[in-house]
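Worksheet: the structure to be examined is printed underneath.
The values are calculated or read from the model by the stated rules, or taken from the named source; none is laboratory data. Keep in mind that what you see is a predicted model, and the values were worked out from it rather than measured. So basically every Cβ, Gly included, is an ideal-geometry build from the backbone, and we count neighbours across all protein chains shown.
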Amino acid sequence: MRGADAAVTSGAQPARDGLAQRIDPARSACVLIGVSTYNERELPRLASVARNVEALARELRDPDVWGVPPERMKVVADPATVEDVTLPIRKAAELATDTLLIYYAGHGVLHGNSELHLTHRATHRHYSETAVRYATLRGILLEHRATIGRRVVILDCCYSGNAVEGLSSHEVDDLVAIEGSYVMTATPRNALAMAPSGEPYTAFTGELLNVIRQGVPDRAEQQHLSLDDVYAAIRRSLGKRNMPLPGKQDSHDVGKLPFIRNRLSPAEPVPSHVPYWNRVRLAAAGAVLAGVAAAGGLTGHELADDGRPARTPEAKPAPVLTGPCGKGGKASLLSVSDALNEHDEWQGTKVEGLSALALTGGSEVGAIALRDEEPGQLFRLRLGSPESLRPEVTGVLGLYRADGGKFTEFDGEGLVIEKGGRTVLATAERGPALRRFDLATGRQVGRDFALPDAFYPPPRGEAPRSRSLESLTVTESGTYLYTGAEGPLIRDADVHGRHQVRIQRLRGKPGGDYVPDKQFAYQTEEGHYLSDLIAVDDTRLLALERGYLRGLGNGIRVYVVDVADAVDVADIDALDEGTADALLHKRSEPLLDLRKCPDGGVTSDEPQSNPILQNVEGMALGPEWAEGEHQGARPLYLVADNNGRKSQSTRLYSLAVDLRH
């Protein structure tokens with residue numbers, strides 16, 4: 001059995017104490033490899049990796065955990081060559097007779113036919129010969145299969161799932177030939193490994209350390225935990241945090257053997273003065289508990305006298321369809337509707353691919369939505385009230401060039417209605433372009449607005465063709481436009497999976513010309529992209545971040561950022577860890593995390609951590625309520641783009657958000 005999905009249903013039995021085959025530290029050897037610094041800018045520094053290796057080495061040497069002798073452990077910090085990685089593994093393989101354990105943390109890259117390569121300090125991102133092929137590591141294990149009882153490989157790097165998923169028949173034969181092998185990977189084959197901001201370790205290794213230090217509550221009767229016990233606990237915790245899920249491959253049931261001591265076993269009593277859930281909160285800086293609580297994971301738990309959680313019966317509450325989106329009271333779900341998905345045609349025109357939304361006002365709130373694919377189209381909508389969305393299409397307007405001809409390509413992403421309501425401004429990702437259109441005729445008015453060269457794709461600029469202008473907003477006065485790239489420019493680095501993207505401000509007046517003014521740097525959360533912007537006032541913006549992981553679904557968050565006193569980064573060559581001081585001020589907690597909202601009574605045909613989640617791409621902000629239940633708050637509308645797929649929904653949301661300082 002191999003692959004992350006297979007691992008979920010493996011039905012592995014828990015370890016049984018007393019088994020003669022316990023993984024024996026005295027006859028084993030381990031190599032811990034961590035690469036935290038790199039010579040090349042395209043491979044950013046990973047400070048948490050150094051802490052990973054240091055902490056893991058300390059735990060595995062501890063006799064109360066596993067107890068491998070210090071002379072049988074080799075820590076390799078920041079190797080500079082391929083040989084710096086492979087030679088310690090060879091030497092450890094010659095030493096081990098029971099088990100060889102190899103741990104690697106650093107950047108993982110793919111070359112050729114999605115072949116996993118492990119990097120070292122001098123690896124060049126685009127040259128495969130400067131990295132270590134995972135096949136090379138597998139070959140070393142094959143060479144020593146006659147002298148080592150078992151082999152355990154733990155990979156904490158991007159795309160590590162390629163070590164166990166999608167292997168060729170020859171590679172599968174190699175794995176079968178390595179009798180007694182176990183591979184645990186931090187991610188599926190197509191996912192990035194995460195290093196959450198503010199946490200000391202990477203997401204995967206942090207949870208591994210939590211299991212080692214805290215034990216596994218539902219295995220409290222066991223003195224020892226197996227690799228399968230450890231894997232299952234890590235997977236549960238990462239799933240609750242909406243992180244990439246780990247994978248595994250097990251040959252000859254290595255995963256069932258007793259491995260490390262379970263801190264929660266009767267032989268290792270839990271101090272009564274440190275309750276279990278308090279220790280989890282301290283170890284994971286609140287991130288794990290937040291995910292558990294959002295998923296209902298704490299329902300029906302109490303603390304037993306010994307500090308461990310104990311089950312007590314509890315009646316299930318009635319489902320909550322609307323209400324607060326998590327703790328804090330800044331956002332509350334009012335209504336959600338799939339009506340446009342259920343009635344997806346209007347007079348023969350498909351209603352799909354809605355990527356931007358702009359309000360037109362009225363008691364029955366009106367709006368215009370922009371379609372993101374050819375042909376360029378605007379849909380006039382009647383939304384209903386914020387408390388009861390009843391969206392319906394009332395008209396469609398085609399968008400054309402100034403001479404009346406059709407655009408050869410059009411990928412509309414951002415939309416604002418100009419003062420007076422006669423024209424709109426729209427961004428197109430292809431090109432990219434910022435254009436003005438007449439709402440009476442649908443024709444372009446004037447030429448495309450000038451943009452800095454960097455926002456164009458090569459050879460003119462450095463924007464990826466599929467991640468350029470995604471957003472557009474205007475201040476109430478009409479003086480400033482803001483448009484942001486969805487992803488980083490080619491020269492701008494990711495920092496631990498967080499994209500450094502550029503927001504361009506333009507200055508002008510409604511109906512007139514807009515010219516580039518200042519440029520700002522914005523950092524997304526891990527695996528997220530910048531999908532839309534809304535001007536709250538002269539200095540504050542709402543930033544919509546969107547992410548997607550196969551098997552987990554979408555991540556949708558809205559943050560408040562402030563451009564007051566912000567650094568102009570137009571002349572900064574590259575955004576990376578060294579330019580952190582230039583980033584826009586972003587509040588640490590999102591205004592809205594859609595995952596934490598009630599489910600709204602809707603469903604999803606794709607895996608989602610909360611069925612309310614969809615591919616949200618656009619948002620619009622209404623005026624402040626002057627009275628009533630939501631006095632002082634403002635209505636926020638979101639629209640989800642179904643990408644023309646039956647498995648996704650064209651969905652509208654309305655929320656009340658409190659933007660008062």
request  = Please indicate, with yes or no, whether at least one residue in segment 479-498 is within 18 Å of LEU451 (Cα to Cα), polar (S, T, N, Q) and not in a strand (DSSP E or B).
outcome  = yes
task = Report yes if some residue within segment 526-541 is polar (S, T, N, Q), within 22 Å of PRO590 (Cβ to Cβ) and modelled with pLDDT of 90 or more; otherwise report no.
result = yes
request  = Take segment 489-515 and flag every residue that is in contact with a Phe, Trp or Tyr (Cβ under 9 Å, 6 or more places away or on another chain) and either closer than 16 Å to ALA570 by Cα or hydrophobic (A, V, I, L, M, F, W, C) (or both).
outcome  = LEU489, GLN500, VAL501, ARG502, ILE503, GLN504, ARG505, LEU506, ARG507, VAL515
key: Matching entry among GLU392, GLU373 (being touching a residue at least 12 places away in the same chain (Cβ under 8 Å), among the acidic types (Asp, Glu) and part of a loop (DSSP other than H, G, I, E, B))   = GLU373
ask   = Can you tell me which residues in segment 510-532 are within 27 Å of THR423 (Cα to Cα) and either free of Cβ contacts under 8 Å to residues at least 60 places away in the same chain or under 19 Å from the mean Cα position of the chain (by Cα) (or both)?
value = GLY512, ASP517, LYS518, LEU530, SER531, ASP532
ask   = Residue check, LEU43 against (1) hydrophobic (A, V, I, L, M, F, W, C); (2) farther than 24 Å from THR202 by Cβ; (3) surrounded by 20 or more Cβ atoms within 10 Å (Cβ to Cβ), all met but one. Which one?
value = (2)
In segment 414-450, the residues that are among the basic types (Lys, Arg), farther than 26 Å from ALA463 by Cα and either touching a helix residue (DSSP H, G or I) at 6+ places or on another chain (Cβ under 6 Å) or part of a loop (DSSP other than H, G, I, E, B) (or both) = LYS419, ARG422
request  = Return the residue satisfying two criteria in turn: it lies in segment 412-431 and is at pLDDT 90 or above and among the acidic types (Asp, Glu), and of such residues it is surrounded by the most Cβ atoms within 10 Å (Cβ to Cβ).
outcome  = GLU413
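Yes/no matrix, rows are residues, columns are (1) hydrophobic (A, V, I, L, M, F, W, C); (2) at pLDDT 90 or above; (3) surrounded by 21 or more Cβ atoms within 10 Å (Cβ to Cβ):
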site: TYR159; (1), (2), (3): no, yes, yes
site: GLY166; (1), (2), (3): no, no, no
site: SER169; (1), (2), (3): no, no, no
site: ASP173; (1), (2), (3): no, no, no
site: ALA177; (1), (2), (3): yes, no, no
site: THR185; (1), (2), (3): no, yes, yes
site: ASN190; (1), (2), (3): no, no, no
site: THR205; (1), (2), (3): no, yes, yes
site: LEU208; (1), (2), (3): yes, yes, yes
key: Residue among PRO69, PRO88 that alone is at pLDDT below 95 and more than 33 Å from the chain's Cα centre (by Cα)   = PRO69
inquiry  = Scan segment 64-71 and tell me whether some residue there is in contact with a Gly (Cβ under 9 Å, 6 or more places away or on another chain), crowded, with 18+ Cβ neighbours inside 10 Å and assigned by TED's automatic domain parsing to the domain that holds THR123.
reply    = no
ask   = Of everything in segment 208-254 that's part of a helix (DSSP H, G or I) and of a type in the set (Ser, Thr, Tyr), which residue is farthest from ASN610 (Cα to Cα)?
value = TYR231
query = List pairs: first in segment 217-240 and acidic (Asp, Glu), second crowded, with 24+ Cβ neighbours inside 10 Å, Cβ under 6 Å, 6+ apart or cross-chain?
reply = ASP228/GLY255
